[in-house]
Amino acid sequence: MTPRLKVSAIYPDLLGICLLKGLSEDEQRSFLDACTLRHYSEETALLTQSEHTAGFYIVARGRAIVSFLDVEGNLSVIHVAGPGEIMGDVECLSDTPCAATCTSLPDTTILYGSVSLLLEYAQKPQVIRNIARILHGRLLRDNENRAVEQFQTVDARLLNYLCVLSTPEDPDIRISQAHLATLMGCSRQKVNRMLKDLAEDGTVELGRGRIRILDRKSIGGELARDRRSYEVGG
């Protein structure tokens with residue numbers, strides 16, 4: 001019987017992620033190998049807002065959406081997590097209900113780890129500092145997102161989502177235009193018109209439940225120009 005490959009062997013790129021920086025390679029491999037691989041072919045809720053979690057999740061491949069539902073039923077997308085990012089860490093360490101809902105996008109592979117594993121490693125000075133760096137990064141991201149919501153155009157928000165929902169290695173975004181419109185907080189018709197313009201320019205290719213990025217450099221350039229105008233005008 002062929003022995004099953006360890007997580008660290010299947011996803012060596014996860015060695016050196018922010019949470020594990022400063023640890024020896026053996027310590028990092030032990031941490032990853034203590035986690036369980038889970039693959040999701042469809043959208044699946046990993047963490048549910050206001051509920052406790054028995055563990056944390058790290059994205060190995062694909063994307064996961066972090067969203068918040070307010071008391072009036074308005075859904076806001078807080079972040080789109082990519083490979084190497086951790087979710088549920090604060091809730092595990094603080095033993096508090098989830099502050100947001102985390103949902104895997106289709107064709108996403110996740111590492112699941114227990115609370116006890118994270119508590120064990122969180123006693124290491126390097127990991128304490130790494131967790132602080134992760135929280136600092138989230139503060140900076142939230143500040144930038146607030147500015148984007150207030151000052152960026154709808155077109156620029158679309159380009160931003162096209163960038164964060166894809167990578168150069170995986171250019172396909174496997175969500176519908178209706179879902180994308182919900183993430184952006186605008187109408188499906190508006191998103192459809194903007195995507196058709198990008199398709200006519202050869203920037204994207206549209207399919208059923210899929211958007212393929214053909215010219216990532218063009219999208220990044222347009223987004224950068226919009227952000228520069230905001231910074232100058234700010």
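The values are calculated or read from the model by the stated rules, or taken from the named source; none is laboratory data. Note that this is a predicted model, so its numbers are computed, not measured. FYI the Cβ positions are ideal-geometry reconstructions off the backbone, even for glycines, and counts take in every protein chain you see. The area values use the complete protein model at the heavy-atom level, side chains included, leaving out ligands, DNA and RNA. Shrake-Rupley method; radii C 1.70, N 1.55, O 1.52, S 1.80 Å.
Quick notes
- Within the range 44-87, if we keep just the residues that are touching a helix residue (DSSP H, G or I) at 6+ places or on another chain (Cβ under 9 Å) and assigned to a loop (DSSP other than H, G, I, E, B), the residue that is nearest to Gly113 (Cα to Cα) turns out to be Ala54.
- Count - residues of the range 155-179 that are of a type in the set (A, V, I, L, M, F, W, C), out of contact with any strand residue (DSSP E or B) (no Cβ under 9 Å at 6 or more places or on another chain) and over 15 Å from Ile219 (Cβ atoms): 1
- Qualifying residue in the range 136-152 (condition: in contact with a Gly (Cβ under 8 Å, 6 or more places away or on another chain), open to solvent by 40 Å² or more (accessible area, probe 1.4 Å) and in contact (Cβ under 8 Å) with a residue 60 or more places away in the chain): yes
- The set of residues in the range 196-209 that are closer than 25 Å to Val59 by Cβ and either of a type in the set (Phe, Trp, Tyr) or open to solvent by less than 20 Å² (accessible area, probe 1.4 Å) (or both) contains only Val204.
- Of residues in the range 180-210 being touching a helix residue (DSSP H, G or I) at 6+ places or on another chain (Cβ under 8 Å) and outside any helix (DSSP H, G or I), the one farthest from Gly220 (Cα to Cα): Ser187
- A single member of Ser218, Ser187 is over 17 Å from Cys163 (Cα atoms), open to solvent by less than 80 Å² (accessible area, probe 1.4 Å) and of a type outside the set (Lys, Arg), and it is Ser187.
- Output for the range 88-130, where each listed residue is closer than 16 Å to Gln49 by Cβ, free of Cβ contacts under 8 Å to residues at least 60 places away in the same chain and outside any loop (DSSP other than H, G, I, E, B): Val90, Glu91, Cys92, Ser94, Thr101, Cys102
- Search result, residues across the range 13-33 that are open to solvent by 60 Å² or more (accessible area, probe 1.4 Å) and either part of a helix (DSSP H, G or I) or within 13 Å of Leu118 (Cα to Cα) (or both): Asp13, Glu25, Asp26, Arg29, Ser30
- Condition met for Ile173 (β-branched (Val, Ile, Thr), surrounded by 15 or more Cβ atoms within 10 Å (Cβ to Cβ) and more than 24 Å from Lys21 (Cα to Cα)): yes
- Listed by first and then second residue, the pairs linking a residue in the range 15-36 that is farther than 14 Å from Asn130 by Cβ to a residue that is assigned to a loop (DSSP other than H, G, I, E, B) and among the hydroxyl-bearing types (Ser, Thr, Tyr), with Cβ atoms under 8 Å apart and 6 or more places separating them unless they lie on different chains, are Leu32/Tyr11.
- Any chance Leu23 is touching a helix residue (DSSP H, G or I) at 6+ places or on another chain (Cβ under 9 Å) and of a type in the set (A, V, I, L, M, F, W, C): yes
- Across the range 83-102, the qualifying residues are those that are out of contact with any strand residue (DSSP E or B) (no Cβ under 6 Å at 6 or more places or on another chain) and under 22 Å from Gly16 (Cα atoms), and the one among them that is surrounded by the most Cβ atoms within 10 Å (Cβ to Cβ) is Gly84.
- Filter result for Leu75 (open to solvent by 70 Å² or more (accessible area, probe 1.4 Å), over 24 Å from His136 (Cβ atoms), of a type outside the set (Gly, Ala, Ser) and under 20 Å from the mean Cα position of the chain (by Cα)): yes
- When the residues of the range 105-125 are filtered to those that are out of contact with any Lys or Arg (no Cβ under 7 Å at 6 or more places or on another chain) and of a type outside the set (A, V, I, L, M, F, W, C), the one that is most open to solvent (accessible area, probe 1.4 Å) is Gln123.
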